[in-house]
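Each remark here refers to the structure printed beneath this line.
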Amino acid sequence: YPINPPYLNSMRLERLYDSARIVHVDHILGDNQEVMLKKLALGIGFTPENVDQVVAKALLLVDNKVDSDDFASEMEKHL
């Protein structure tokens, strides 16, 4: 299915936060889940050069149970 990438970075981070929370809901990260999250991150506008770091940071923040505001501010520092 085609993904309509958001044009605002804040919307892109919001989608990444929601997706990372969905992938990490059972607290067991499988290989397919991380691959799927990377594909989604590429689809919503993150670049191939930084997608691995973005996904790793997103999963770390979600694992630490940060809220969406803290997630966005930490990801902004990382980007």
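The values are calculated or read from the model by the stated rules, or taken from the named source; none is laboratory data. Keep in mind it's a predicted model, so treat the numbers as computed, not measured. Cβ atoms come from the backbone with ideal geometry, glycine included; neighbour counts cover every protein chain shown. Areas reflect the complete protein model, heavy atoms only, side chains present, ligands, DNA and RNA absent. Shrake-Rupley method; radii C 1.70, N 1.55, O 1.52, S 1.80 Å.
Below is a table of values for the structure above.
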item: Residue-wise HN-Hα coupling along segment 11-17, computed from phi with Karplus coefficients 6.51, -1.76, 1.60 (Hz; x: Gly, Pro); result: 5, 5, 5, 5, 5, 5, 4
item: The chain - charge dipole about Cα centre, Lys and Arg +1 at Cβ, Asp and Glu -1, debye rounded to 20; result: 220
item: Full-extension gain in nm, Gln53 to Ile22, via 0.36 nm per residue minus C-alpha separation; result: 9.3 nm
item: Residue-averaged [θ]222 nm for the chain, counting only DSSP H segments that reach four residues, each worth -39500 (n - 2.57); result: -21000 deg cm²/dmol
item: Segment 20-71: translational diffusion in µm²/s, Stokes-Einstein, Kirkwood Rh over Cα pairs, 37 °C, 0.692 mPa s; result: 293
item: Residue (of Pro48, Tyr17, Leu37) at the positive-pole extreme of segment 4-79, dipole from beta-carbon charges; result: Pro48
item: Leu60-Asn32 pseudo-label distance in nm [points 7 Å out on the Cα-to-Cβ vector]; result: 2.8
item: Probe 1.4 Å, all protein chains present, accessible-area order of Glu76, Glu34, Glu14, largest first; result: Glu14, Glu76, Glu34
